[in-house]
Amino acid sequence: MTPFGQRLRELRAERGISLKQMAEDLNLSSAYLSALEHGQRGKPSPGLVMQILGALNVIWDEAEELKALAELSHPKVTLDTSGLSPTATELANRLHRKIRTLSEDRLQILLTLVKG
């Protein structure tokens, strides 16, 4: 699941909107919307994000949060380290190999370091 998909699912639940109803409101298939929530699709387009914001009646800070999460929710990331230091390349490769085995606690620590 992506950060965007997780938040989208939370917002739908808070508003009592089913996946099927939201998909119909957005003129999407339920399968596509489910795949988007579960990180099985690429990050949503800005236009789709705006449609989702409208369907959920999301405004202001919540809207900005969802837009930012959409930008951080591509499930298949490519990282180009050409031109960077050998340390950067090693880090990218080690993270690629280990990310699936890291605990949620360790992921949170790494995320805090990167954000910081």
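The values are calculated or read from the model by the stated rules, or taken from the named source; none is laboratory data. Keep in mind the model is a prediction, meaning the values are calculated, not measured. Cβ placement follows ideal geometry from the backbone for every residue including glycine, while neighbour counts extend to all protein chains displayed. Surface accessibility is based on the protein's heavy atoms, side chains included, excluding ligands, DNA and RNA. Shrake-Rupley method; radii C 1.70, N 1.55, O 1.52, S 1.80 Å.
Here are the numbers:
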read-out	value
Under 5 Å, built H, 5+ apart or other chain: amide partners of Leu28	none
Residue-normalised accessible area of region 7-111, expressed per residue, 1.4 Å probe, Å²	72
Within straight-line cross-link reach of Lys98, aspartates and glutamates at Cα separation under 20 Å, skipping those fewer than 8 residues along the same chain	Asp80, Glu90
Segment Glu10-Lys98, length gained on full extension (0.36 nm per residue, minus Cα span)	28.8 nm
Cα pair distances in region 9-116, grouped into 5 Å bins until the bin that holds the longest one, percent each	2, 10, 15, 20, 17, 11, 12, 8, 4, 1
For Arg15, solvent-accessible area (1.4 Å; no DNA, RNA or ligand), Å²	80
Carbon and sulfur %, accessible surface of region 8-116 computed with the full protein complex present, 1.4 Å	55
Separation in nanometres of the label points that stand 7 Å from Cα toward Cβ, at Leu110 and Glu71	2.2
Test item: Cα-centred dipole of the chain, Lys/Arg +1 and Asp/Glu -1 on Cβ, debye	500
